[in-house]
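Everything below concerns the one structure shown next.
Please treat every number below as a calculation from the coordinates, not as lab data. Model, not experiment: these values are computed from the prediction. Neighbour counts run over all protein chains shown; Cβ positions are idealised from the backbone, glycine included.
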Amino acid sequence: MEEIVPKFNYIVVVILMMTGLWSMLAQSNLIKKCIGMAIFQTGIILFFISIGAKDNASIPIVAKEPVNQALGQAHAPEGSQPQAKPELAAAKAKDYPNPPDVNKLTNPLTQILMLTAIVVGVATLGVGLALAQKVYQQHNSFDEDEILENQTK
Amino acid sequence: MPELPIWQFDTLFLIAVVLFGITALAMQNLMSAAIVFGAYSFLMCLIWTGMGAVDVAFTEAAVGAGVSTVFIVATIYNTGVSAKPKHPRVGFKLFAGVIAVATGALLLSALPDFPAWGDPQSPVNATVAPYYIENTIEDARVPNIVTTVLADYRGFDTLLETAVVFIACIAIYSILRVDSAKATVDEPDIIASPPAYDPTDSLIIRQASRIMVPFMQIFALYVIAHGHYSPGGGFQGGVILGASVILLCISFDLKFVLRQWTEKKIMLLTALGVLIYAAVGVACMFMGGDYLNYNALDPVLPGDMAYARYYGILLVEIGVGVTVMFSMIGIYMILASNGRFKRGL
């Protein structure tokens, strides 16, 4: 139990990957194979996201420092020369903590890798579905066994 | 009992997600399988939000739960719904199960070597990632670190991922596209028997989507433009823009949308997005910098050096958004119309 509880996420990842792998191997329906591939993929994404998670950490967006923000507002009316153009005033570097507390923000790197992986994943799912549809046009079936029988006929 | 490093809700969702995944695969009806798979994706989204990955959850909600479900439904619409296997293949299924379990056991045997869930000092959290967190404001003035890493620090990666989406779109065209004028094969019509109830007839759905679509598109533009400060960016905004047009295809008719967005336009605009991204990189080279080093664009963009990167990120996000939007529309249309671009779901 002491081994399992802190590492429960990895166990779920492995179960999802096993489910996806089994489905890609054993299911005879081509669409089910595609869904299995997507489940395998979400398993991998879950792995990356959960290794990037940190205890008591917030989302990876740097928040403005409340103290500086209040000071900035108080000084704004009397400030004779704004140091940036008005449209750029939203993200001045001095409003933000420097440097931000690394332990309070989750890991952004694993997230961006997986963000692009999801979009590429849907594109590859589309390719898989297109192939399945083409096979259906030829054989009028998604079932592997039927397709094989059609071919040997 | 050790202290729980995770909250119970996460554990609950993780168990539910496994159940949903298995249910989606066990369904005998492909339409139900697609819907359960959509629910599975939404649960995944909740889990990722709980782990602090809001951008990923946003993408999964738009892509995994939204567009991929629609793709599966569009495929099923032109083909068959039943997933009843002709032969049960019990022996083979058991054999595949043994292989899957063996693979799982092999993976689980590495379990003691992994860092605990949520450990801030684990190798993945303590090596390169802190650099991004500490320098995003200094380098690019972008508070959303995911956006900075996506479009700036790892800009090459994202450029090629966008290219992959474009190439996948071309691949689907070359697999399925049929010129119906030249088609000599005696292929059956798109739908053998039209459905008894035509969903495009519903006045309520048509009027509701007529009202919803402009708001969806404005929201998507906001997601792209505000990706520097909040979860969002080119991928999410592009998918939502694509989904708004797909909604029109579903609620009205494919023909209705094709009057505006012809096949040629969609294909050209898909390529245009990748081109915008690549052109920003080439522009950096012309200004005397490295490829995709936005600092070189400083003379032509407003603000100081960091703002050059800020606006460079915005430009490439627009490119990503255009490619993703039109590739999603194109893939949907070709799947739904069985490659003929005439009529469909």
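Across chain B, C-alpha contacts under 8 Å between residues 6 or more apart give a mean separation that, scaled by the residue count, equals a relative contact order of 21 percent.
Distance between the pseudo-spin-label points of A:L25 and A:A63 (7 Å out from Cα toward the beta carbon): 4.8 nm.
Suppose we look only past 26 Å in the calculated P(r) of segment B:128-345. What percent of the Cα-Cα pairs does that tail hold?
The proportion of pairs with Cα distances above 26 Å equals 45 percent.
Computed over the protein assembly as shown, the per-residue total of -39500 (n - 2.57) for DSSP H runs of n ≥ 4 gives a 222 nm mean residue ellipticity of -21000 deg cm²/dmol, rounded to 500. Averaged over the residues of peptide B:157-170, the number of Cβ atoms from other protein chains lying within 10 Å of each residue's Cβ is 3. Farthest towards the positive end of the charge dipole of the protein assembly as shown, among the residues B:A140, B:F71, B:L203, is the Cα of B:L203, using unit charges on the Cβ of Lys, Arg, Asp and Glu.
Could you pull out the longest piece of chain B with no exposed loop chymotrypsin sites (Phe, Trp or Tyr not before Pro) in it, calling a site exposed if DSSP puts it outside H, G, I, E, B and it has at most 13 other Cβ atoms within 10 Å? Could you put the intermediate results ahead of the total?
Working: sites that count: B:W7, B:Y197.
Longest site-free region, per DSSP loop and neighbour criteria: B:8-196.
Which listed residue (B:G234, B:V322, B:N338) has the Cα farthest towards the positive end of the charge dipole for segment B:128-345, taking +1 on Lys and Arg C-beta and -1 on Asp and Glu C-beta about the Cα centre? Among B:G234, B:V322, B:N338, the one farthest towards the positive end of the dipole of segment B:128-345 is B:N338.
Taking the convex hull of the Cα atoms, report for the protein assembly as shown its projected area averaged over all directions, in nm². Write out the running numbers ahead of the final one.
Numbers: hull surface 110.8 nm².
Directional mean of the projected Cα hull area for the protein assembly as shown stands at 27.7 nm².
Quick one: check the C-alpha center-to-center distance for segment B:116-163 versus segment A:18-52, whole angstrom. Comparing the Cα centres of segment B:116-163 and segment A:18-52, I get a distance of 27 Å.
Can you tell me the FRET efficiency between B:V81 and A:V5 if r is taken as the Cβ-Cβ distance and R0 is 56 Å, rounded to the nearest 0.05? The partial results should precede the final answer.
On the way: r = 42 Å, r/R0 = 0.75.
The computed FRET efficiency comes out at 0.85.
How well do other chains shield peptide B:142-151, expressed as the mean number of their Cβ atoms within 10 Å of each residue Cβ? Numbers along the way, then the final one.
Details: counts 3, 10, 5, 12, 9, 5, 4, 7, 6, 1.
The mean count of partner-chain Cβ atoms within 10 Å per residue comes to 6.
The mean count of C-beta atoms from other chains within 10 Å of the C-beta of residues in B:321-334, rounded to a whole number, is 2. Would you mind ranking A:H139, B:H87, B:H228 so that the residue whose beta carbon has the fewest other beta carbons within 10 Å leads the list? Neighbour counts put them in this order, fewest first: B:H87, A:H139, B:H228.
For a 23 Å ceiling on Cα separation, which of these pairs sit above it: A:K32/B:K264; A:K33/B:K255; A:K134/B:K84?
On the way: A:K32/B:K264 32 Å; A:K33/B:K255 31 Å; A:K134/B:K84 20 Å.
In this structure, A:K32/B:K264; A:K33/B:K255 lie more than 23 Å apart at Cα.
Above 21 Å, the calculated P(r) of segment B:1-84 contains 37 percent of its Cα-Cα pairs.
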